[in-house]
Every structure is written in structure tokens, then in C-alpha cells.
Amino acid sequence: MSALFLKGLKKYNTAEEKIFIEENYAFAENISIDYAIMENAKNVYVLPATFDWNDLGTWGSLHEKMPKDDANNAVVNATALLNNSSGNIISASKNKWVIIDGLEDYIIVDKDDVLLIYPKSKEQDIKEIVSGLKR
């Protein structure tokens, strides 16, 4: 992965950076920094600490931490009108109205040119689907 991203070194912090990342990110190994770097590093030290932690790496974990309505729905940015719907996480642009009826435990994300409506129980499939779209 280092070799992959070093190819774009001269493009970082320039107008070309975004294009380089869009063209190359899908070729990077899907691995967390913990496994890829931290567990192999010889110069990393750990101190014990006590605090709550959630890396918010999934929509489900974001849903857990967000404020929710009485039906356990969490809304990011959008204005939502929700009927007979519970346990959902909804994300859209600030001025977007999202109107939902009858959905339970779904991820609803409206971003740029993609609208995602996906069961939270299958959220582990989302990364694979998105990387397939980028290819």
C-alpha cells in the first residue's frame, strides 16, 4: 500500500490529489491501520487508559452514538418526516427533506450521486458494493 500511495506523493496538497485518490484508492488493501501498521511496528508503545471508545467505523456504530427520536431513528443533517419507521440512520444534505414510511433498521444515505437504502443487518456488504461501483 505504501508503494501505491507513494506514486501520488507529488500530487498531495495540489489540485490533482483528489483525482489521484479516486483513481487509486480502490486498489488499496482493505485492512485497518491496526493490522496493517500498528501490530507490525517496533516503535509503538501503549499506555493503559480507561475511557469509552467507538471508532465510528460503521453506520451501525454511528447510529449507536447519535441522538435518536422516540422510535430510535438517528438523523444526520437532513430534516426527516418518519412514519411507522424505527431503528434507522438517515444522512442527507442539510436542506434535504427525507420522508420515510415503514422502514425498520435501515441505513439511508443520500450523498452526491448515490442514494443508499440498505438494511443495517447487512452493512458489512456496503464496502464491497461501493468498491465494485468505483471499478
If Glu123 satisfies every condition in (1) within 30 Å of Met1 (Cα to Cα); (2) among the acidic types (Asp, Glu); (3) loosely packed, with under 15 Cβ neighbours inside 10 Å but one, which is the exception?
(3)
For residues that are at pLDDT 95 or above and outside any strand (DSSP E or B), tally how many sit in region 93-106.
3
Pairs under 6 Å by beta carbon, first residue touching a residue at least 12 places away in the same chain (Cβ under 8 Å) in region 96-109, partner surrounded by 17 or more Cβ atoms within 10 Å (Cβ to Cβ) and in a strand (DSSP E or B), six or more apart or different chains?
Val98/Ala80; Val98/Ile90; Ile100/Leu82; Ile107/Ile89; Ile108/Ile90; Val109/Ser91
Would region 82-100 turn up any residue that is surrounded by 14 or more Cβ atoms within 10 Å (Cβ to Cβ) and of a type in the set (D, E, K, R)?
no
For region 8-15, check the following and say yes or no: at least one residue is in contact with an Asp or Glu (Cβ under 8 Å, 6 or more places away or on another chain), in a helix (DSSP H, G or I) and either open to solvent by less than 60 Å² (accessible area, probe 1.4 Å) or among the charged types (D, E, K, R) (or both).
yes
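Identify, from the list Tyr25, Tyr35, the residue that is in contact (Cβ under 8 Å) with a residue 24 or more places away in the chain, open to solvent by 100 Å² or more (accessible area, probe 1.4 Å) and in a helix (DSSP H, G or I).
After ruling out the rest, the residue left standing is Tyr25.
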If I ask for residues that are under 17 Å from Lys120 (Cβ atoms), without any contact (Cβ under 8 Å) to a residue 60 or more places away in the chain and either in a loop (DSSP other than H, G, I, E, B) or open to solvent by 80 Å² or more (accessible area, probe 1.4 Å) (or both), which ones from region 56-78 would you list?
Leu56, Gly57, Glu64, Lys65, Met66, Lys68, Asp69, Ala71, Asn72, Asn73
Looking at Leu47, Leu4, which is the one that is surrounded by 12 or more Cβ atoms within 10 Å (Cβ to Cβ) and either touching a helix residue (DSSP H, G or I) at 6+ places or on another chain (Cβ under 8 Å) or not acidic (Asp, Glu) (or both)?
Leu4
Checked Leu47, Leu81 against criteria (among the aliphatic types (A, V, I, L, M), more than 30 Å from Leu6 (Cα to Cα) and not in a loop (DSSP other than H, G, I, E, B)); the one match is Leu81
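The values are calculated or read from the model by the stated rules, or taken from the named source; none is laboratory data. Given the structure is predicted, the values throughout are model-derived calculations rather than measurements. In this analysis, Cβ positions are derived from the backbone assuming ideal geometry, glycine residues included, and neighbour counts consider all displayed protein chains. Protein only, heavy atoms only, side chains kept; ligands, DNA and RNA dropped before computing areas. Shrake-Rupley method; radii C 1.70, N 1.55, O 1.52, S 1.80 Å.
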